[in-house]
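Every number in this text was worked out from the coordinates using simple rules, so none of it is lab data. Small disclaimer: the values here were computed from a predicted structure and weren't measured. Quick reminder, even Gly has a Cβ in these numbers, built from the backbone with ideal geometry, and neighbours come from all protein chains shown.
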Amino acid sequence: YLDKESILGDIAINDPQQQVRIAAVDRVDQQSTLERVLKKVRSKDKKVSKQVKQKLASIASDQERPVRLTQRAKQCCIELEAMISTTDLGNIQTRIKEIESNWQASKREWEAEIGASWDGELARRYIKAYDIVVAKFEEFKKHAEQLRVLEAERYPLRTEKRALCKILEDKLVYFKNSDLPVTDVKGRIKLEIESEGTNWNALSGASGQLS
């Protein structure tokens, strides 16, 4: 039968017409047959040799693909697991999206090209780490929002305190440069400090209620 690998290999090596030799190579699937053909034609027929090399490269890629995809998926798990203990959460959302994209791409390629079931243990490992990291990020966002709201509430109080400080400084300068007797200046300054101090304490109390 002409479709047998050994006969096709012989045709690819020995047929006098190059087109027939190339056609024979196209129908060869076994790596060992292709390697036998390449050994014979490498220095005799560049076109057939090139065709054989391309098929061998394709076979090598198919053989390597499961290992490559599995390693890529494992790397996704490793990166997620590392994020569980990280304190640098500034760009965690971007990293989660990148890892999820790599995971899904690996899974799609596996299902499309290999046709076997995706590694269940690896999938469970990924989902566990993913859920933990996402929950951690949600808690981070919640805390960040709480701080933002608190800061927004405290900002007017800080502004008022700075205004009080400026008022007191201006009054102190005024009294210092005035023609009032020293004893009067000291008394006025004491009264102003007590007055503004009352306002300051009121603002501090309001600030404490926001803590």
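Can you tell me the FRET efficiency between residue 70 and residue 27 if r is taken as the Cβ-Cβ distance and R0 is 25 Å, rounded to the nearest 0.05? Provide the component values of the computation, followed by the final result.
Working: r = 31 Å, r/R0 = 1.25.
Once the sixth-power term is evaluated, E becomes 0.20.
What distance in nm separates the simple spin-label points at residue 166 and residue 18, each placed 7 Å from Cα in the Cβ direction?
Each label point is offset 7 Å from its Cα along the Cβ direction, giving 8.9 nm.
Determine the alpha carbon to alpha carbon distance for each of 74/136; 40/74; 107/136; 97/142 and list only those over 30 Å. Write out the running numbers ahead of the final one.
Details: 74/136 21 Å; 40/74 41 Å; 107/136 25 Å; 97/142 19 Å.
40/74, as the Cα separations exceed 30 Å there.
Distance in nm between label sites at residue 127 and residue 86, each 7 Å beyond Cα in the beta-carbon direction?
2.4 nm
Between residue 7 and residue 78, how high is the FRET efficiency from 1/(1 + (r/R0)^6) when r is the Cβ-Cβ distance and R₀ = 45 Å? Nearest 0.05. Kindly include the intermediate steps, with their values, before the conclusion.
Working: r = 49 Å, r/R0 = 1.08.
E(calc), rounded to 0.05, equals 0.40.
Given the range 88-136 reduced to its alpha-carbon atoms as identical point scatterers, what log10 I(q)/I(0) does the Debye formula return at q = 0.17, 0.18, 0.28 Å⁻¹?
-0.58, -0.63, -1.08
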